[in-house]
Ligand code: HEM
Ligand SMILES: Nc1ncnc2c1ncn2[C@@H]1O[C@H](COP(=O)(O)OP(=O)(O)OP(=O)(O)O)[C@@H](O)[C@H]1O
Ligand SMILES: [Mg+2]
């Protein structure tokens, strides 16, 4: 029987084609499954990081409420302590005046011995000076407490702010003027694209820029070729502001706490750790977001997104 | 129509009439095709109908009878390929009730975008099962054959009636299965 006569030859060739096709299909499906799996894994990762972000925002919100309460509680005693201290200051002046009068009208020699020995035993000249200073320092300290309390209130941020139409770029320019001195030795690079005015609280947004720029300046302290670059641009219906520095950067442990109130790595008296948490509150209240990426010893970049209203 | 249906038709023809007959059917019905069918791939419905009509002409048998025969044969082949669906159903009625929601649902996972009919079930007071068949391919006769094949497998005598049909202008077919052993 010749090949042409054998119907199984044809059948065999058909089978072979069918098998090759099946193998190709199997490979195609494997590829599709692989891609779908990849996409799933990607969305899973995204979900996970979004969840982390949500947890963080929740934590910050709780801290906000807590800080508002604490601020309120501290404010009341703070008010009367401050007012008492300034009253004491004026009382002190009165006592000091009495003493001067006494000393001028009744020379020491003419005093009764008991009074005279008491005056000589205590260094009233020093006491007078020191008392004044003590009260001044106390008032100064109270002012600082009041500032911190104010910061806490700003972070908690529930008062609806007065909004007005403003140009973000102008705010950046005026903030930069304010910072002339601290930024003296730093190269500042600006790329400010024209932006539409947005409804915002300009002084608050300026405060955010100020906080970011002072942090950048701090991070650049003692580094070679210090540079800050400020960029603004419009992306769809969002205004983006990025402020980056080539400063010391931050480890992950700092980045993840940066918006937490009172979190600071700076020396006592240098930083209160409120700058970024206040900024966070302000940007949130504008319906925007603030993000950080940072690499240790390389620098940091902050991105603020604000919706165009 | 998925290649698997062509494969089963092929097996049926070869089993009953031999390889030469199948080669000939392919040559007359689909002279421009290479005749190879892969189970998971979709081929034009017309190709199946062309093969059925060629067979009908060659065997001088009405096309319906060929489709019905294919259905009956198809059940056996599907049962061989997917024994799990049969094992899951203890009796014919349970099996038929599982076609739409269980079996064809599984088929959707295994095959990319298959063309499957839909079945709606009503259990009649008499104990009979009414299956409403809907499909743009109007393969109700294939369904009849599949049901007969299943009945044969479960060794359950049935009476099958088909009072409403898409081929006579209705929007669906009523397939009524009366189970012999319940009467
Ligand atoms: C082990 C059981 C079964 C399996 C694995 C199965 C699987 C399939 C597959 C793969 C197709 C082809 C789909 C396509 O071409 O895209 C099909 C079509 C079809 N099946 Fe099933 N099936 C089973 C049982 C049944 C039963 C018992 C019936 C009848 C009650 C049925 C009725 C149909 C009909 C009528 C079609 C043709 C398509 C149409 O009418 O639109 N099947 N089935
Ligand atoms: N650009 C930056 N580069 C490196 N570290 C930064 C930068 N900005 C912020 N940080 C880190 O985040 C911490 C928190 O910043 P934040 O502005 O909230 O507080 P602070 O600067 O320490 O104090 P202040 O309340 O005076 O602003 C800083 O102590 C610093 O460790
Ligand atoms: Mg700061």
Taking residue A:243, is it more than 12 Å from ligand 2 (Cβ to nearest atom), more than 22 Å from residue A:55 (Cβ to Cβ), modelled with pLDDT of 90 or more and touching a helix residue (DSSP H, G or I) at 6+ places or on another chain (Cβ under 6 Å)?
no
Go through region A:73-86 and count every residue that is free of Cβ contacts under 8 Å to residues at least 12 places away in the same chain and more than 12 Å from residue A:145 (Cβ to Cβ).
5
When you check residue B:99 against the structure, is it out of contact with any helix residue (DSSP H, G or I) (no Cβ under 8 Å at 6 or more places or on another chain), at pLDDT 95 or above and away from chain A (no Cβ under 14 Å), yes or no?
yes
Just a yes or no: is a residue in region A:270-281 farther than 24 Å from residue A:187 by Cα, buried (at least 17 other Cβ atoms within 10 Å of the Cβ) and more than 13 Å from ligand 3 (Cβ to nearest atom)?
yes
Among residues of region B:1-57, those that are more than 15 Å from the chain's Cα centre (by Cα) and either assigned by TED's automatic domain parsing to the domain that holds residue B:114 or touching a residue at least 60 places away in the same chain (Cβ under 8 Å) (or both), counted
2
Considering each residue of region B:39-62, count those that are touching a strand residue (DSSP E or B) at 6+ places or on another chain (Cβ under 8 Å) and away from chain A (no Cβ under 14 Å), and give that number.
0
Can you say whether residue B:18 is facing chain A (nearest Cβ under 9 Å), at positive phi, surrounded by 15 or more Cβ atoms within 10 Å (Cβ to Cβ) and more than 16 Å from ligand 2 (Cβ to nearest atom), as far as the supplied structure shows?
no
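Restricting region A:242-256 to residues that are surrounded by fewer than 16 Cβ atoms within 10 Å (Cβ to Cβ) and not in a helix (DSSP H, G or I), which is farthest from ligand 1 (Cβ to nearest atom)? Give the derivation first.
Taking region A:242-256 and keeping what is surrounded by fewer than 16 Cβ atoms within 10 Å (Cβ to Cβ), we get A:251-253, A:256.
Within this subset, residues satisfying the condition of being not in a helix (DSSP H, G or I) are A:251, A:256.
Working: A:251: 58, A:256: 53 Å.
Across region A:242-256, the extreme among qualifying residues is A:251.
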Being at pLDDT below 95 and within 16 Å of ligand 3 (Cβ to nearest atom): is that true of residue A:211 here?
yes
Let me spell it out: the conditions are (1) surrounded by fewer than 18 Cβ atoms within 10 Å (Cβ to Cβ); (2) without any contact (Cβ under 8 Å) to a residue 60 or more places away in the chain; (3) touching a strand residue (DSSP E or B) at 6+ places or on another chain (Cβ under 8 Å); (4) within 17 Å of residue B:1 (Cα to Cα), and residue B:136 meets all of them except one. Which number is the exception?
(3)
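Working carefully through the options A:226, A:307, find the one that is away from chain B (no Cβ under 14 Å), touching a helix residue (DSSP H, G or I) at 6+ places or on another chain (Cβ under 9 Å) and away from ligand 3 (no atom under 12 Å from the Cβ). Before you say what the answer is, go through the steps one by one.
Details: A:307 fails: touching a helix residue (DSSP H, G or I) at 6+ places or on another chain (Cβ under 9 Å).
Unique residue meeting the criteria: A:226.
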Just a yes or no: is a residue in region A:273-284 part of a loop (DSSP other than H, G, I, E, B) and near ligand 2 (Cβ under 7 Å from one of its atoms)?
yes
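Filter region B:23-38 for residues that are in a loop (DSSP other than H, G, I, E, B) and either surrounded by 21 or more Cβ atoms within 10 Å (Cβ to Cβ) or facing chain A (nearest Cβ under 8 Å) (or both) and give the result.
Filtering region B:23-38 down to residues in a loop (DSSP other than H, G, I, E, B) leaves B:30-38.
Answer for region B:23-38, where residues must be in a loop (DSSP other than H, G, I, E, B) and either surrounded by 21 or more Cβ atoms within 10 Å (Cβ to Cβ) or facing chain A (nearest Cβ under 8 Å) (or both): B:34, B:35, B:36, B:37, B:38.
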State which residue is nearest to the other protein chains (Cβ to nearest Cβ) when the search covers only region B:70-91 and only residues that are crowded, with 18+ Cβ neighbours inside 10 Å, in contact (Cβ under 8 Å) with a residue 12 or more places away in the chain and more than 7 Å from ligand 1 (Cβ to nearest atom).
B:77
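Please work out which residue is farthest from ligand 3 (Cβ to nearest atom), limiting yourself to region B:99-127 and to residues that are within 15 Å of the chain's Cα centre (by Cα) and in a helix (DSSP H, G or I).
Taking region B:99-127 as the starting set, the residues that turn out to be within 15 Å of the chain's Cα centre (by Cα) are B:99-100, B:103-104, B:107, B:114-119.
Narrowing further to those that are in a helix (DSSP H, G or I): B:99-100, B:103-104, B:107.
Values: B:99: 69, B:100: 66, B:103: 66, B:104: 64, B:107: 63 Å.
Once the filter is applied, the top-ranked residue is B:99.
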Please determine, by comparing only the residues of region A:224-240 that are in contact with a strand residue (DSSP E or B) (Cβ under 9 Å, 6 or more places away or on another chain) and assigned to a loop (DSSP other than H, G, I, E, B), which one is nearest to ligand 2 (Cβ to nearest atom).
A:226
When both residues are 6+ apart or on different chains and their Cβ atoms are under 7 Å apart, which pairs have a first residue that lies in region B:92-107 and is over 16 Å from residue B:179 (Cβ atoms), and a second that is more than 8 Å from ligand 1 (Cβ to nearest atom) and not in a helix (DSSP H, G or I)?
B:100/B:118
Selection status of residue A:194, over 14 Å from residue A:290 (Cα atoms), in contact (Cβ under 8 Å) with a residue 60 or more places away in the chain and not in a helix (DSSP H, G or I)
no
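If a residue must be within 11 Å of the chain's Cα centre (by Cα) and farther than 26 Å from residue A:200 by Cα, how many such residues does region A:273-300 contain? If you could, list the steps in order and put the result at the bottom.
Within region A:273-300, the first condition is being within 11 Å of the chain's Cα centre (by Cα), and the residues that meet it are A:273-283, A:290-292.
Then drop every residue that is not farther than 26 Å from residue A:200 by Cα, which leaves none.
Total satisfying the criteria: 0.
Can you say whether residue A:201 is in the same structural domain as residue A:306 (by TED's automatic domain parsing), more than 20 Å from residue A:65 (Cα to Cα) and within 13 Å of ligand 3 (Cβ to nearest atom), as far as the supplied structure shows? Steps first, answer last, please.
Details: in the same structural domain as residue A:306 (by TED's automatic domain parsing): yes; more than 20 Å from residue A:65 (Cα to Cα): yes; within 13 Å of ligand 3 (Cβ to nearest atom): no.
Judged against the criteria, residue A:201 is not a match.
The values are calculated or read from the model by the stated rules, or taken from the named source; none is laboratory data. Note that the structure is a prediction, hence the values are computed from the model and not measured. Counting neighbours? That spans all protein chains shown, and the Cβs are built from the backbone with ideal geometry, glycine included.
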